[in-house]
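Encoded as structure tokens, the structure appears first; notes follow it.
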Amino acid sequence: MIITIDTIKRTQSRSISESSDGGVERDIDDLPKNPANYTALTPLGFLERAALVHPTRKSVVHGSVIYTWQQTYRRCRQLASALTKRDVTYGSTVAVIAPNIPAMYEAHFGVPMSGAVLNAVNVRLNAQTIAFLLGHSQSAVIMVDQEFYTLAEEALKIMADTSKNGKFKPPILIVIADENCDPKSLQYALERGAVEYEKFLETGHPEFAWKPPEDEWHSIALGYTSGTTASPKGVVLHHRGAYLMALSNAVVWGMNEGAVYLWTLPMFHCNGWCFTWTLAALCGTSICLRQVTAKGVYSAIANLGVTHFCAAPVVLNTIVNAPKKETILPLPRVVHVMTAGAAPPLQFSLQWHNEASESHTLMDFLKLMGPQRYVRGSRSGIHCHQKTKLV
């Protein structure tokens, strides 16, 4: 799935505009925009609403770490406040090098709440490529998970060594601690001068009065291609695009309010296909998976109430071919799965259908190719083989 900005930029709407034939188009009135009748579209308001409507509902779960929507909203405002105190605001970029952990989710709100642009970096890239991304995006801050600190450190060294005239201004470096990692990597980062993420949040105000963008065309996120054929190419997502994509995810998939979503899809891939913001709109729950394994997926489904997850075909293949000792079947509920990027092989669909029939497992598959929906639910009147041909 590729997210791009609108190809045509519409400036502030006017009641009088030029028509295609050069004439003047007039509306039925000359009423201009004002705060009473117009607001810029942004997904940031979803978080504020979730904290107001369901303050005590679980927002993010990561092992023993559990946050409610009220807590997530406060933490995101703390992040935004801490950034603005360091003059990281409009015109600035904040890079995050991390897997699917709470801090990565919080960055999708806290960074744009400060006015800055989020650059979620693919942790699978090498230091040379990451150095290019950090330099091209002119990232003023780097938030990095403790496991990938040395990767960020190597990238910064490359940037320093290749800087013109030796004038390299290192960005603010924030290390994100995770109890699931070796504590030695965290200690190493702190000894090298990095600021621990929780300590950084403490410098921000939980009641920070953030402001939505005045123009919905303002950038909210910056992403890059992997750079396999040439230098990575940037893709800018604006607030309007993020808002519309977040809601269309729910509409196309038929997601219900309060959905429990398992993060098998990396948040650094097109901002998790914008499901980062969709979950806030639905007041749902994010179940973070630091590392995707079949055992982890089945365990989350069985024990954490997972109702939805997205995955590339290669991940689905891992799930269906997992050893029996790593599975928990039958599933306790219907689990809705969205896959994209490539069509699942025919053999996979047939194999899954056969195993599901034998174990009474229910997974409702939705295959997306661009904006169209191709595959319906797993148990309808259409035979599995016929259904696979529709992909």
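Which one is surrounded by the most Cβ atoms within 10 Å (Cβ to Cβ) among residues in the stretch 124-133 that are closer than 26 Å to G91 by Cβ and in contact with a helix residue (DSSP H, G or I) (Cβ under 6 Å, 6 or more places away or on another chain)?
I130
Among what's in the stretch 21-59 and is touching a Cys at 6+ places or on another chain (Cβ under 7 Å) and aliphatic (A, V, I, L, M), pick the residue that is surrounded by the most Cβ atoms within 10 Å (Cβ to Cβ).
Per the criteria, the residue is L47.
Which one is most open to solvent (accessible area, probe 1.4 Å) among residues in the stretch 146-165 that are closer than 17 Å to A95 by Cα and of a type in the set (V, I, T)?
In this case the residue turns out to be T150.
In the list L237, L190, L201, which residue meets the criterion of being touching a strand residue (DSSP E or B) at 6+ places or on another chain (Cβ under 7 Å), open to solvent by less than 50 Å² (accessible area, probe 1.4 Å) and modelled with pLDDT of 95 or more?
Criteria check complete, one pass: L237.
Which members of the stretch 244-258 meet the condition of being in contact with a Ser or Thr (Cβ under 6 Å, 6 or more places away or on another chain) and buried (at least 21 other Cβ atoms within 10 Å of the Cβ)?
Answer for the stretch 244-258, where residues must be in contact with a Ser or Thr (Cβ under 6 Å, 6 or more places away or on another chain) and buried (at least 21 other Cβ atoms within 10 Å of the Cβ): A246, N249.
One residue is enough: does the stretch 157-170 have a residue meeting the conditions farther than 24 Å from R86 by Cα and at pLDDT 95 or above?
Within the stretch 157-170, one or more residues are farther than 24 Å from R86 by Cα and at pLDDT 95 or above.
Among the residues in the stretch 166-178, are any within 30 Å of A294 (Cα to Cα), under 22 Å from the mean Cα position of the chain (by Cα) and open to solvent by 40 Å² or more (accessible area, probe 1.4 Å)?
yes
Out of the residues in the stretch 297-311 meeting the condition of being free of Cβ contacts under 8 Å to residues at least 40 places away in the same chain and either farther than 15 Å from H62 by Cα or not aliphatic (A, V, I, L, M) (or both), tell me which one is least open to solvent (accessible area, probe 1.4 Å).
Once the filter is applied, the top-ranked residue is Y298.
Is it fair to say T68 is touching a residue at least 12 places away in the same chain (Cβ under 8 Å), farther than 25 Å from L304 by Cβ and either open to solvent by 10 Å² or more (accessible area, probe 1.4 Å) or not small (G, A, S) (or both)?
No.
Could you please find all residues in the stretch 126-149 being touching a Ser or Thr at 6+ places or on another chain (Cβ under 7 Å) and within 14 Å of G227 (Cα to Cα)?
The one that is touching a Ser or Thr at 6+ places or on another chain (Cβ under 7 Å) and within 14 Å of G227 (Cα to Cα): F132.
The values are calculated or read from the model by the stated rules, or taken from the named source; none is laboratory data. Keep in mind that what you see is a predicted model, and the values were worked out from it rather than measured. As a convention, Cβ positions derive from the backbone with ideal geometry for all residues, glycine included, and neighbour counts pool all protein chains shown. Heads up: the accessible areas ignore ligands, DNA and RNA and are worked out on the full protein's heavy atoms, side chains in. Shrake-Rupley method; radii C 1.70, N 1.55, O 1.52, S 1.80 Å.
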